[in-house]
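The values are calculated or read from the model by the stated rules, or taken from the named source; none is laboratory data. Since the structure is predicted, the reported quantities are computational estimates derived from the model, not experimental observations. Neighbour counts run over all protein chains shown; Cβ positions are idealised from the backbone, glycine included. Ligands, DNA and RNA are excluded from the accessible area calculation, which covers all protein heavy atoms including side chains. Shrake-Rupley method; radii C 1.70, N 1.55, O 1.52, S 1.80 Å.
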Amino acid sequence: MMDSDKLIELLREGIVEIQFRSLKSNKTHSREYTTHESFMPLKFKQSTSDKLICYDVEFKKLEDIDVATIERYVPLQRLS
């Protein structure tokens, strides 16, 4: 089982590559996300839930990811 609290912490500290399965297409995607304050257009506190709200670094937009669809994650860059 994935440790979502650890992922939330890593997203807050920097950029993380998250591999997940799309609920719409059932395809696997791998994207770079963060919730670091320098990227987020608004301030909020991420809490443990079924969904993660995070910022897509490449496409410059907020997305929600269903935690159950996350297959793996890799920290890429620490920003703070």
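Just a few scattered comments:
- Given (1) modelled with pLDDT under 95; (2) hydrophobic (A, V, I, L, M, F, W, C); (3) exposed (fewer than 12 other Cβ atoms within 10 Å of the Cβ), number of the condition Phe59 does not satisfy: (1)
- Test: residue in region 49-70 that is touching a residue at least 60 places away in the same chain (Cβ under 8 Å) and of a type in the set (Val, Ile, Thr): yes
- Screening Met1 on (1) at pLDDT 95 or above; (2) assigned to a loop (DSSP other than H, G, I, E, B) shows it passes everything except condition (1).
- Complete set of residues in region 26-49 that are assigned to a loop (DSSP other than H, G, I, E, B), open to solvent by 60 Å² or more (accessible area, probe 1.4 Å) and more than 13 Å from Leu7 (Cα to Cα): Asn26, Lys27, Glu37, Ser38, Phe39, Pro41, Leu42, Lys43, Phe44, Lys45
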